Amino acid sequence: MDYVIEMLNIRKEFPGIVANDNITIQLKKGEIHALLGENGAGKSTLMNVLFGLYQPEKGEIRVKGEPVKITNPNIANDLGIGMVHQHFMLVEPFTVTQNIILGKEPKTKIGSINLKKAEREIQELSDRYGLKVDPTAKIRDISVGMQQRVEILKTLYRGAEVLIFDEPTAVLTPQEITELLEIMRSLVREGKSIILITHKLKEIMEVSDRCTVIRKGKGIGTVNIADTNVDELASLMVGREVSFKTDKKPAEPKEAVLKINDLYVKDARKVNIVKGLDLEVRAGEIVGIAGIDGNGQSELIEAITGLAKANGGQILLNNKDITNKSPRKVTESGVGHIPQDRHKYGLVLDYSIGENIVLQTYYQKPYSKNTILKPKEIFNKAEELIELYDVRTPSVYTLARALSGGNQQKAIIAREIDRSPDLLIAAQPTRGLDVGAIEFIHKKLIEERDKGKAVLLISFELDEILDVSDRIAVMFDGKIVANVKPEETDENELGLLMAGSTTTKAGESK
Amino acid sequence: MTSNNKFMTFMIPVFSVFLGLFVGAIIMIISGYNPIEGYAALWRGAFGDAYTIGETIRRTTPLILTGLAIAFAFRTGLFNIGAEGQVIVGWLASVWVGIAIDAPFIIHLPLAILAGAIAGGLWGFVPGLLKAKLGVHEVIVTIMMNYIALHVSNNIIRSVLTDHATKTENIADTASLASDFLSNMTLNSRLHYGILIALFAAVIMWFIIQRTTIGYELKAVGFNKHASKYAGMKVGKNIILSMVIAGGFAGLAGAMEGLGTFGNIHVMSGFTNLGFDGIAVALLGANNPFGVVMAAFLFGTLKEGANEMPTGAGVPTELVDIIIALIIFFVASSYIIRWALLRFKKEGK
Amino acid sequence: ACGGGDNNSANNKNNDSNNSSADNGDEPEFSAAMVTDIGGVDDKSFNQSAWEGLVEWGDQHGFSKGNGIDYAQSNAPEDYVPNVNRLVRENYDLIFGIGFELKDTIQEAAENNEDRFFAIVDDVVEADNAVSITFKEHQGSFLVGVAAALKTKTNKLGFVGGVDSPLINKFEVGFIAGAKSVNPDIEVEVQYAESFGDASKGKMIAADMYNNDIDVIYHASGGTGNGVFNEARDLKNADPDREIWVIGVDRDQHEEGVIGDHNVTLTSMVKRVDVAVKDVSDLALEGKFPGGEQLEFGLEENGISVATTNEEAMTEDIISSVKEWEEKIRNNDIEVPTTREELKTFEESL
Amino acid sequence: MIDLLQSLIPTVLFFSAPLILTALGGVFSERSGVINIGLEGLMVMGAFVGIVFTLTFQDSLGSITPWIAVGVAGIVGGIFAIIHAVASVSFKADQTVSGVAINMLALGVGVYLTKQWYGKGQTDMVDGFFRTDIPILHKIPVIGPIFFEGVYATSYVAIIIAVVAWYVLYKTAFGLRLRAVGEHPMAADTNGISVSKIRYTAVILSGVLGGLGGSVFALTIVSNFSHSTIVGQGFMALAAVIFGKWHPLGAMGAAIFFGFAQSLSISGSSIPFLDGIPQIYLLIAPYVLTILALAGLIGRADAPAANGQPYIKGSR
Ligand SMILES: Nc1ncnc2c1ncn2[C@@H]1O[C@H](COP(=O)(O)OP(=O)(O)OP(=O)(O)O)[C@@H](O)[C@H]1O
Ligand SMILES: Nc1ncnc2c1ncn2[C@@H]1O[C@H](COP(=O)(O)OP(=O)(O)OP(=O)(O)O)[C@@H](O)[C@H]1O
Ligand SMILES: [Mg+2]
Ligand SMILES: [Mg+2]
């Protein structure tokens, strides 16, 4: 057999759950092997076992046919296994080089770190695989895409033969994804082998050779990509048929709910990043904002919701000025906000689900009266919503932290939609979620639209934008540079517009 | 799961206390003392007769309040090392009002108590404000505020409240918490009505934290500032409020000393240690108001009883400090105790 | 639940082990004990001195610790009351409070326990069953001021006080008066550390003073004074020819001044708390307890003295000069000031 | 002016040296992600050991005794700090709380043993470090008399150690790993660095430096040990850590700044323009200045990102 890695009948338990139950995965040399499963299916756990971060209760790991015990990442490294983690393992204030050499530092004769030598080596590696990384840049100053390439370099620097990618594309822009897939192909050409975890079936179809599917901790099987299609993969993963095209009636837009005129917003470094933006969202329509990360989308949302200051222009909600109002005022005047970073903004992870459900309304009746909380009302409401939005949690008293990402997101959506806001802002609402959860969330957004609400959707996933929006506003360099109809455009054209090209029918259809 | 957690929250402190006393006994044996005699003396010192019981409760009173002061701030994610200074200014302010004002009991006493709370609150306000507006680390500001409180208070005692004396005159009877009834009941101990105030304060803290929107906001800010801001809460306001309330509790602790135990304030050459002990109390009490009451009582007992150990058994009082430190270690290391207890329970099954 | 019985038996057992004569059932006919202030019984200062006095008195009458005499140590001001009360409950006949911090405690205890005798050191209480023991520190300070004035080459002296308070002011004022009586042109720099336990402050102040040409420092600052001695010894060590001195307080601090073959302790203003404690105990034992009185121990009562241990530094001239001034004080030829106001008039009269 | 400096600077130096040493300990510990409120206790331990050792051996070892005593105090401090390391690294204790316990424990143990061994609450006086002129350097005109005459060698040892600490933290592999552990322990872990080992080393180092600081303080300034030998110096050192932005040279600067503020409060009355300011303002000046400096001059201080967080493998 020419398997480089074999994980046979792996079992891994956490208190209360079996994360991996008798899973087998075999990686051939020189292949890209996809690992597919719903949120919480146990993919990351399995890979953490392979990388030596967890010890399995049962099962065997073989490297090139030899049984091995991987008890810590050092051993994994020595065996030529490298991992690009779902959440980057980079030290923000350090430079690229410092991050890469960390733990394997080249030394000078007097015992200090030989930084010059390291930088040279990293530059060489970077050039060889076309990674375009600046070895002297600080991590906190570089884009997410480049950070990921630093992670890849880290494994290569350690001489990895097998690379594990855990959801590498969830945080990337379409262009970065294309680049990454190309990098993967070049790695394989150089003789490396890759395990790729992703929820995006299209990517699996595009680059991988084979795919192993796991469902609820159990291995379902391995298929050859050449012999399968997206629909089959999806149903293997979820255990039922999944429809990808969201059903929706044509939009019936009415009066404008959100009107933004000539908006200016500064970013954390105090330079304008939203630069004279105009935007309108009407009742009964979903407007999708397409754009590459870093063109001012986050700041736009923060300005609308009162989390950041606008330093020019005007934001009108139902014709009332809400420019630079406090978040509370904005919320009360009818804005719902599904934030981009659910752990940072969306939830108080150490509060129970019930307490999180009233995060925006706790001070209002019936959840409190004269500042006295009414726990019964709060938890009754929570019971009602987790039922309605299918939030899977042991109880409403469970801490939000203990829920899986998808269910955390559903809880946020339940909270925001339930208040029935006139304008619903959904920022990356499906990031990192499995297809089942994505389907559910899209359905909810469209329901809101059909109830006559205005929906503003921000996403880096062009599929999602094209699929869900009634109108697409393309954002580039702090401005809306084009308004297009989804049925009149395609990914190519959007990609060009997002990159700042002005040759097409930009701006016509407003 | 929840009941299991509650069991642990209760078991860990109990287990830690026993472990601490056990190690204390070993230390006594190694140093050539009889641990039974030592602990008997400790017990006698704390509960030997009505007098010592009264003194034990009296000693517990300010510890409850400083424990609350630290626990409360902790709930908002703030570490209030400044209880020490807040105690001092609270003490000063309450005595000041107790001396300077002439009013009937019904007005004077509440006013003096309030003055203590307000002064403590003010001392908490400064680090709160700096943290909220400028992001200055509250730990270091509160440490600095402790020293400022000490020096300023000494200066005021000497140059404002007295003509160059090291102790103020006694407060008016109308501002005193002292009680002939309690005192007589306990063979003239200094037990005073402050214990009722401390217990009431614990109830107040529980109510604010668990039952009000204020507590909901304070805790939310402690857990996650960003989400709190997103939810329309004023993060800065909550940080300040938390420090003010915490400072208020510590200020009350000072008022207990000023209006109850001493009836005056003296020039201090060092800290009262009530604030630092409060950290231990809050921890042992798991930052829960009722836990704080129990922990304060335990430490009050140990500290009061300690005074009997040198005469009663020849053991230096510092042994009790060592025991308290060990108990804190054990509670702080609850991760491992939790693990051990779980293990034990599993094996037991 | 395990209640009083247990405790009592423990109590008795405890007495048994500590108190051999109790076996025979004969309680000492008279017993005396003291409560220290937070300095503790081994503070090398007046707590220690008081205890030494009590022990000496005990020796003379066949008492020992736990049997006729005892002390209770206070670790914090809040311990004063329970300590005094404990001694009351343990049936001591005479209870000393050492240090002005115990004033209120002794006052109250005296009022509550009219069948016992109390004594306060360094302050005044008013009760028929209590005696107040104070010292004429200003007299001793005056004399060390004289010695300092005779010793200084720079005509600049320093005074380091613990906490700025009426009691310590007596030391300051007496010292200045003594120095200026010898030479009105002498300058005295006064600094308070605002603590009796901050050696680093003491050292910094001393460093500053010695650096500004001051060559004799009188300290009345407890543990803070450790820093003063430390700095003086240090400077002396670096330059053995340099003439710098410290004047100790409360007891003979000769030991603190040793550095190699030299000693920087010029002299000390010795407060004989031991003498006072012993005297009062004797009076009480003899049934002549001077209740309600204020006993002032000064030069005359042997309650104050000036150490002459450092023979090299305290030359015959200085000693005889000090003796002369001492006579003048004894004879009431001069009235040593005790407050800053009195000092002003005193200086004007020079 | 030169006179003034000549009087101020040696004072500043001797006051600051123990703070510098201890603060460096704090820097190591906190840079690795372990908060160390226990610096005060580590100093107490150091002071206790330094004095006891000197008392015991000064007759047999002579004038070199304090140097050995300081070394022994460092070692014992390091051993003592293991308690903090075990609690906060292995047992995942709340580090602040463990530090508070260290403070109580050190004082309790120190005074308990003093009473046990000497039968009283404080030791006798010892001969500690003495002022010297630094060879050669003190001959430099102007600077020599100000900086190198009548100073303590320990002050310069402290400054040299600060520079060494800077080199270790910023130029060596160990330093890179230590800082990585304090910023992002999981990243370090996945790179095969043992988070526990690094944190243990750092905390023990903080014990060694705290022990040095405490013993230097006792042997240069106080000369004996009692419950009031170390009163707040550890907290001042902690302040210096934060004030110095967790940087060894920053911490040193902060410690020197505190020394300066302290000594101004004493020499203030002999400095013309400070004359007449009531003593109380000078007394609280160091503390107020620290707060003002934090609020105004350096604003937000960025603590190491993982400071205070126990690292539990596999959690997120
Ligand atoms: N450290 C942990 N402690 C307890 N349970 C865990 C831990 N890590 C993972 N789990 C549980 O194990 C299961 C598998 O989690 P894992 O992270 O491997 O899922 P995943 O397939 O990677 O999901 P996703 O697609 O969301 O990343 C989940 O139910 C999760 O709750
Ligand atoms: N502290 C914790 N206590 C209990 N369970 C936890 C904890 N941390 C993580 N988990 C488990 O991890 C799972 C969440 O991880 P999951 O992989 O689903 O998140 P995710 O979808 O990857 O989200 P994201 O992409 O936002 O990280 C939950 O199912 C939860 O059970
Ligand atoms: Mg995962
Ligand atoms: Mg995920």
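The values are calculated or read from the model by the stated rules, or taken from the named source; none is laboratory data. Please read these numbers as outputs of a predicted model, since none were measured by experiment. Don't worry about glycine lacking a Cβ; one is built from the backbone with ideal geometry, like all the others, and counts go over all protein chains shown. With ligands, DNA and RNA removed, areas are computed over all heavy atoms of the protein, side chains included. Shrake-Rupley method; radii C 1.70, N 1.55, O 1.52, S 1.80 Å.
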**OP:** Any residue in segment A:22-41 that's within 14 Å of chain D (Cβ to nearest Cβ): show its pairings with residues that are within 16 Å of ligand 4 (Cβ to nearest atom) and open to solvent by 10 Å² or more (accessible area, probe 1.4 Å) at Cβ separation under 7 Å, as long as the two are six or more apart or on different chains.
**Re:** A:40/A:404
**OP:** Please identify the pairs in which a residue from segment A:431-453 that is under 14 Å from residue A:412 (Cβ atoms) and within 14 Å of another protein chain (Cβ to nearest Cβ) has its Cβ atom under 6 Å from the Cβ atom of a residue that is assigned to a loop (DSSP other than H, G, I, E, B) and within 16 Å of ligand 3 (Cβ to nearest atom), counting only partners at least 6 apart or on another chain.
**Re:** A:432/A:170
**OP:** Scan A:73, A:56, A:93 and give me the residue that is closer than 30 Å to residue A:268 by Cα and either in contact with a Ser or Thr (Cβ under 7 Å, 6 or more places away or on another chain) or modelled with pLDDT of 90 or more (or both).
**Re:** A:93
Original post:
Restricting segment A:42-53 to residues that are touching a helix residue (DSSP H, G or I) at 6+ places or on another chain (Cβ under 8 Å) and within 16 Å of ligand 3 (Cβ to nearest atom), which is modelled with the highest pLDDT?
Top reply: A:50
Original post:
Tally time: how many residues in segment D:132-152 are in a helix (DSSP H, G or I), of a type in the set (A, V, I, L, M) and crowded, with 17+ Cβ neighbours inside 10 Å?
Top reply: 1
Subject >> Residue check, residue C:290 within 26 Å of residue C:331 (Cβ to Cβ) and more than 21 Å from the chain's Cα centre (by Cα) >> reply: yes
Original post:
Is there any pair linking a residue in segment B:270-283 that is facing chain D (nearest Cβ under 9 Å) and at pLDDT below 90 to one that is open to solvent by 10 Å² or more (accessible area, probe 1.4 Å) and assigned to a loop (DSSP other than H, G, I, E, B), with Cβ under 8 Å and at least six apart or on different chains, and which?
Top reply: B:270/C:195; B:270/C:197; B:270/D:228; B:270/D:231; B:283/D:94
Original post:
Of all the residues that make up segment A:335-391, how many are away from ligand 2 (no atom under 16 Å from the Cβ), over 20 Å from residue B:223 (Cβ atoms) and not in a loop (DSSP other than H, G, I, E, B)?
Top reply: 13
**OP:** Inspect all residues belonging to segment A:16-33 and state whether any of them is part of a helix (DSSP H, G or I), at pLDDT 90 or above and away from ligand 1 (no atom under 16 Å from the Cβ).
**Re:** no
Subject >> Residue ID - farthest from the other protein chains (Cβ to nearest Cβ), chosen from residues in segment C:234-243 that are open to solvent by 10 Å² or more (accessible area, probe 1.4 Å) and not aliphatic (A, V, I, L, M) >> reply: C:243
Original post:
Which condition number does residue A:370 fail, the rest of (1) closer than 30 Å to residue B:204 by Cβ; (2) within 16 Å of ligand 1 (Cβ to nearest atom) being met?
Top reply: (2)
**OP:** Return the total of residues in segment D:242-253 being at pLDDT below 90 and either among the acidic types (Asp, Glu) or buried (at least 24 other Cβ atoms within 10 Å of the Cβ) (or both).
**Re:** 3
Original post:
Which one of D:181, D:164 is assigned to a helix (DSSP H, G or I) and in contact (Cβ under 8 Å) with a residue 60 or more places away in the chain?
Top reply: D:181
Original post:
Applying the selection to segment A:398-425, what residues are within 14 Å of chain B (Cβ to nearest Cβ) and away from ligand 3 (no atom under 16 Å from the Cβ)?
Top reply: A:398, A:399, A:400, A:411, A:412, A:415, A:416, A:419, A:421, A:425
Subject >> Failed condition for residue A:415, given (1) modelled with pLDDT of 90 or more; (2) open to solvent by less than 40 Å² (accessible area, probe 1.4 Å); (3) within 16 Å of ligand 2 (Cβ to nearest atom) >> reply: (3)
Subject >> Listing of helices (runs of 4 or more DSSP H) fully contained in segment D:1-108 that carry 2 or more residues being without any contact (Cβ under 8 Å) to a residue 60 or more places away in the chain and open to solvent by 20 Å² or more (accessible area, probe 1.4 Å) >> reply: D:39-61, D:65-85
**OP:** Mind listing whichever residues of segment A:12-41 are over 21 Å from residue A:236 (Cα atoms), touching an Asp or Glu at 6+ places or on another chain (Cβ under 7 Å) and open to solvent by less than 60 Å² (accessible area, probe 1.4 Å)?
**Re:** A:12, A:31
Original post:
Among (1) of a type outside the set (Asp, Glu); (2) part of a strand (DSSP E or B); (3) under 19 Å from residue C:247 (Cα atoms), which single condition is residue C:295 missing?
Top reply: (3)
Subject >> For residue B:65: the one exception among (1) surrounded by 24 or more Cβ atoms within 10 Å (Cβ to Cβ); (2) out of contact with any Leu (no Cβ under 7 Å at 6 or more places or on another chain); (3) more than 13 Å from every other protein chain (Cβ to nearest Cβ) >> reply: (2)
Subject >> Pairs where the first residue, in segment C:316-329, is in contact (Cβ under 8 Å) with a residue 40 or more places away in the chain and the second is outside any helix (DSSP H, G or I) and not hydroxyl-bearing (Ser, Thr, Tyr), C-beta under 7 Å, 6+ apart >> reply: C:322/C:306; C:326/C:299; C:329/C:299; C:329/C:336
**OP:** Select from segment A:63-87 the residues that are open to solvent by less than 30 Å² (accessible area, probe 1.4 Å) and either within 16 Å of ligand 4 (Cβ to nearest atom) or away from chain D (no Cβ under 11 Å) (or both) and list them in ascending order.
**Re:** A:63, A:70, A:80, A:81, A:83, A:84, A:85
Subject >> Residues that are outside any loop (DSSP other than H, G, I, E, B), modelled with pLDDT under 90 and not small (Gly, Ala, Ser), drawn from segment A:392-408 >> reply: A:401, A:407
**OP:** Select from segment A:88-117 the residues that are facing another protein chain (nearest Cβ under 7 Å) and within 16 Å of ligand 4 (Cβ to nearest atom) and list them in ascending order.
**Re:** A:89
Subject >> Residue list for segment D:117-131, filter: surrounded by fewer than 17 Cβ atoms within 10 Å (Cβ to Cβ) and either facing another protein chain (nearest Cβ under 7 Å) or of a type in the set (Val, Ile, Thr) (or both) >> reply: D:120
**OP:** Looking at (1) over 14 Å from the mean Cα position of the chain (by Cα); (2) touching a residue at least 24 places away in the same chain (Cβ under 8 Å), find the lone condition where residue D:159 falls short.
**Re:** (1)
Subject >> Options A:81, A:100, A:70: the member that is in contact with a Leu (Cβ under 6 Å, 6 or more places away or on another chain) and within 30 Å of residue D:174 (Cβ to Cβ) >> reply: A:100
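The rows are residues; the columns are (1) within 16 Å of ligand 4 (Cβ to nearest atom); (2) open to solvent by less than 30 Å² (accessible area, probe 1.4 Å); (3) under 30 Å from residue A:103 (Cβ atoms); (4) not aliphatic (A, V, I, L, M).
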{"position": "A:163", "(1), (2), (3), (4)": "no, yes, yes, no"}
{"position": "A:194", "(1), (2), (3), (4)": "no, yes, yes, no"}
{"position": "A:206", "(1), (2), (3), (4)": "no, no, no, yes"}
{"position": "A:230", "(1), (2), (3), (4)": "no, no, no, no"}
